[in-house]
Amino acid sequence: MTPQQAAAFLTAHDNYLILTHVRPDGDTIGCGAGLCRALRQIGKTAYILENPEVTELFTNYVEGLTVGPDFVPGTVVSVDIAARSLFPEAAKPYLDRVDLAIDHHPSQEFFAKETCLDSKRAACGQLILDIVKQFAKITPEIGEALYVAVSTDCGCFQYSNADADAHRAAAELMESGFDPYPVNRKFFRTKTFKRLKLEGLLTAGMELRDQGATALVFLTRKMIEEVGASERDMDDISAFVGQIEGVKNGVTLKESVGGHVKISLRTDPGDLNASSVCALLGGGGHAAAAGAMLEGTMEQVRQRVIDAIEQVRNG
Ligand SMILES: [Mn+2]
């Protein structure tokens, strides 16, 4: 579906339930909030399905918009969800009954009846903006929610996906009248003390390969417990390793409960395609940022990631 067709679809239906993805980021939350408010503005009933993993950084954006699992929707829309495996527990009853998926991931699985996909967009928020502005006024609240979506997904316009189109969307959203300074300060200029401690531990245990072009960091449960870090303290921590001079490809391995390790790969896409590497590991994502969840110990997963990188390099 084109954004025009998606707008026509959204104005024609009602009783919306909006789904966000697991480990929700600024894009999925901002898209959910912006879309929900736009639908309510034109008199529709619309809610975001409660997502228990929403961190403190984002709770204010979904306040007053969420609903529990008892809500019986007429129309189900997913935002920024690429794959079935990214449905939160409460959204699983809707795995095969999403009416419209709005997304920007090239790894989109086409699980919905209709899909509005544009993988050239840095953030799903840009696509939501294109859709909702056709039927709703971009109020400061919608503007701020979608600005959070766009700015966080392109790392405050510093990641390789931050193109002119992303800046144009940001400018258009700023014109809605919200104040972008506190948003930028909160998301991009502020760290908790626990976060800094974690970054110190990651730095101490860092492994450098390929003459420093590839870096791996290992986030263990022990470190998390030692520091007393919450999800908020670990938000977007996979971007950390790529800040080191000379590092083109950064791998963050995070030990998760139940014998799993989550890997996040951030790459210089000219050097290594992150999505290809993670596809070999059963995951997916974008050329410059991708991830996977693997079973095994930190050491086993470390070796599998290194092998997958080699395979893509030599393939
Ligand atoms: Mn996104």
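Once you've got the Cα coordinates, tell me which of LYS191/LYS222; LYS137/LYS186; LYS113/LYS262 are over 24 Å apart.
Values: LYS191/LYS222 21 Å; LYS137/LYS186 26 Å; LYS113/LYS262 30 Å.
Table pairs above 24 Å Cα-Cα are LYS137/LYS186; LYS113/LYS262.
With 10 angstrom as the radius, rank THR203, THR28 by how many other C-beta atoms surround their C-beta, starting from the fewest.
Fewest to most other Cβ atoms nearby, the residues stand as THR203, THR28.
For region 143-170 and region 2-51, what is the separation of their Cα centres, given in Å?
19
May I ask you to list the residues of region 242-273 whose amide nitrogen lies under 14 Å from a point 7 Å from Cα along the Cα→beta-carbon direction of GLU225?
The answer is 255-259, whose backbone nitrogens lie closer than 14 Å to the label point.
Using Cα pairs closer than 8 Å and at least 6 residues apart in sequence, work out the relative contact order for region 191-264, in percent.
Worked out over region 191-264, it gives 32 percent.
Using a 7 Å offset from Cα along Cα-Cβ at ARG313, what residues in region 249-265 end up with backbone N under 19 Å from the label point?
249-253, 264-265
Based on the Cβ-Cβ distance of ALA213 and ALA171, what FRET efficiency does E = 1/(1 + (r/R0)^6) give at R0 = 30 Å, to the nearest 0.05?
Working: r = 35 Å, r/R0 = 1.15.
The formula returns an efficiency of 0.30 here.
For THR45 and GLN158, what does the FRET efficiency come to when R0 = 51 Å and r is the distance between their Cβ atoms, rounded to the nearest 0.05?
0.85
Output wanted: per-residue J couplings in Hz (rounded whole) for region 228-245, from phi through Karplus 6.51 cos²θ - 1.76 cosθ + 1.60, θ = phi - 60°, x for Gly and Pro.
x, 6, 9, 3, 4, 5, 9, 4, 6, 5, 5, 7, 4, 4, x, 7, 7, 4
Of the chymotrypsin sites (Phe, Trp or Tyr not before Pro) in region 57-140, which ones lie in a loop per DSSP and count no more than 16 other C-beta atoms within 10 Å?
Details: sites: PHE58, TYR61, PHE71, TYR94, PHE110, PHE111, PHE135; in loops: PHE71, PHE110, PHE111, PHE135.
Hits after loop and neighbour filter: PHE71, PHE110, PHE135.
Can you list the residues, at least 5 places off or on another chain, whose amide H is less than 5 Å from the amide H of CYS116, using H built in the peptide plane?
ALA101, ILE102, ASP103
Tell me whether the chain comes out rounded, prolate or oblate; compute the Cα gyration tensor, take square roots of the eigenvalues as a ≥ b ≥ c, and use a/c under 1.5 as the rounded threshold. Let's see the in-between values first.
On the way: a/c = 1.69, a/b = 1.60, b/c = 1.06.
Here the chain falls in the prolate category.
All of the numbers you see were taken from the coordinates with simple rules; none came from a lab. A quick note: this is a predicted structure, and the numbers were derived from the prediction, not measured. Glycine also receives a Cβ, built like all others from the backbone with ideal geometry; neighbour counts cover every protein chain displayed.
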